[in-house]
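Beneath this line is the structure, given in structure tokens, with notes to follow.
None of the figures in this text is laboratory data; all of them are computed from the coordinates on show. The structure presented is a predicted model; accordingly, all values stated were derived computationally and were not measured. Cβ coordinates were reconstructed from backbone atoms using ideal geometry, including for glycine residues, and neighbour counts include every protein chain displayed.
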Amino acid sequence: MIKEISQNDIDKCVKVIRESFQTVADRFGMTEENAPRFTAFATTKERLEWHLNAEHRPMYAYYDNGSIVGYYSLLLQENSECELNNLCVIPACRHNGIGEKLLLHSFETAMGFNCKKMNIGIVEENSVLRKWYESFGFIHTGTQKFDFFPFTCGYMEKLL
């Protein structure tokens, strides 16, 4: 079941995000030392509270037997656009369609906020993830290399 999170869920969501993105960090050789701004290391209770309370981001979790096992948020932008952030599923629950359910839910949610386009950023070297997003209609729009990341940021978008 997918439902909007509350303040009381923040700690659990931080744990899910960090655990989920740690597998990406491990796969691509990222550590807290060489990529301190990467999601697996930079997500904190304070950061998610800011997203929820100050930025008013819609934030959703996937619950399995009462436990949060997946998560995503939307950053509502100008020009009827939004950015999908931190879509993730804990490793033990992957390959069961939860990510797809969260992604499809994000499309519905974004359209409910009158968004016409969804933007995402990914680790460009993660070709499996890129192909997964492309299978849902996302189009690759470019890359950018930042000094503070040991990987290339890839950007994708989908018209809703």
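Worth pointing out:
- Failed item, numbered, when Q7 is tested on (1) under 15 Å from the mean Cα position of the chain (by Cα); (2) exposed (fewer than 13 other Cβ atoms within 10 Å of the Cβ): (1)
- Residue in the range 121-128 that is hydroxyl-bearing (S, T, Y) and surrounded by fewer than 18 Cβ atoms within 10 Å (Cβ to Cβ) present: yes
- Q22 falls short on exactly one of the conditions (1) within 28 Å of K116 (Cβ to Cβ); (2) surrounded by fewer than 18 Cβ atoms within 10 Å (Cβ to Cβ); (3) within 14 Å of the chain's Cα centre (by Cα), and that condition is (1).
- All positions within the range 98-120 that are exposed (fewer than 13 other Cβ atoms within 10 Å of the Cβ) and of a type in the set (D, E): E108
- Criterion: closer than 26 Å to I139 by Cα, out of contact with any His (no Cβ under 8 Å at 6 or more places or on another chain) and β-branched (V, I, T) - qualifying residue of V69, V89: V89
- Pairs where the first residue, in the range 123-135, is touching a residue at least 24 places away in the same chain (Cβ under 8 Å) and the second is surrounded by 13 or more Cβ atoms within 10 Å (Cβ to Cβ) and assigned to a helix (DSSP H, G or I), C-beta under 7 Å, 6+ apart: V123/V24; N126/V24
- Counting the residues of the range 33-43 that are without any contact (Cβ under 8 Å) to a residue 24 or more places away in the chain and not in a helix (DSSP H, G or I) gives 1.
- Any hit, the range 12-32, residues being of a type outside the set (F, W, Y), part of a strand (DSSP E or B), under 25 Å from K131 (Cβ atoms) and in contact with a strand residue (DSSP E or B) (Cβ under 9 Å, 6 or more places away or on another chain): no
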